[in-house]
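Please read the structure below before turning to the comments.
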Amino acid sequence: MNKREEIGLIIASNRKACGLTQKELSELSGVTAQNITKIEHGRYNLSVDILEKVCAPLGLKIKVEL
């Protein structure tokens, strides 16, 4: 499993735990529903800006380790 897929699984599981549909997350984040689907399946190369938009409504924070 690559990092995009790992991130997608985290987003999908948190979205479901919040009781949101992909469409609702799309509306809250300003990211299209089509891209939410791609993100959750690890088929979207996320920028940090998009990742922040998707994570904010889910109460997730981005942690960077170098």
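Just so you know, all these numbers are worked out from the coordinates, no wet-lab data involved. Nothing here was measured: the structure is a model prediction, and the numbers come from that model. Note that each Cβ is placed from the backbone with ideal geometry, even for glycine, and that neighbours are counted across all protein chains shown.
Key figures for this structure:
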{"quantity": "Environment charge of E24, counting only residues whose C-beta is closer than 12 Å and scoring Lys/Arg +1, Asp/Glu -1", "calculated": "+2"}
{"quantity": "Estimated vicinal HN-Hα couplings, Hz - the range 34-44 in sequence order (Karplus 6.51, -1.76, 1.60; Gly, Pro = x)", "calculated": "4, 6, 4, 4, 4, 4, 5, 9, x, 10, 10"}
{"quantity": "Simple label model, 7 Å out from Cα along Cβ direction - A56 to K23, nm", "calculated": "2.3 nm"}
{"quantity": "Lys, Arg +1 and Asp, Glu -1 on Cβ, resulting dipole of the chain about Cα centre, debye, nearest 20", "calculated": "80 debye"}
{"quantity": "Potential extension, N45-M1 segment - 0.36 nm per residue separation minus Cα distance", "calculated": "14.4 nm"}
{"quantity": "In Hz, Karplus ³J(HN,Hα) per residue of the range 10-21 (6.51, -1.76, 1.60; θ = phi - 60°; x = Gly, Pro)", "calculated": "5, 5, 4, 5, 6, 4, 5, 5, 7, x, 9, 7"}
{"quantity": "Fully extended contour minus Cα-Cα distance, from V64 to T37, at 0.36 nm per residue", "calculated": "7.3 nm"}
{"quantity": "Listed residues S47, S13, S29, most fluctuating in the chain (Gaussian network, C-alpha, under 10 Å)", "calculated": "S47"}
{"quantity": "Eligible lysines near K63 by straight Cα distance, threshold 21 Å, same-chain separation 8 or greater", "calculated": "K3, K53"}
{"quantity": "Residue among I50, I39, I11 with the largest mean-square fluctuation in a Gaussian network model of the chain, springs linking Cα atoms under 10 Å", "calculated": "I50"}
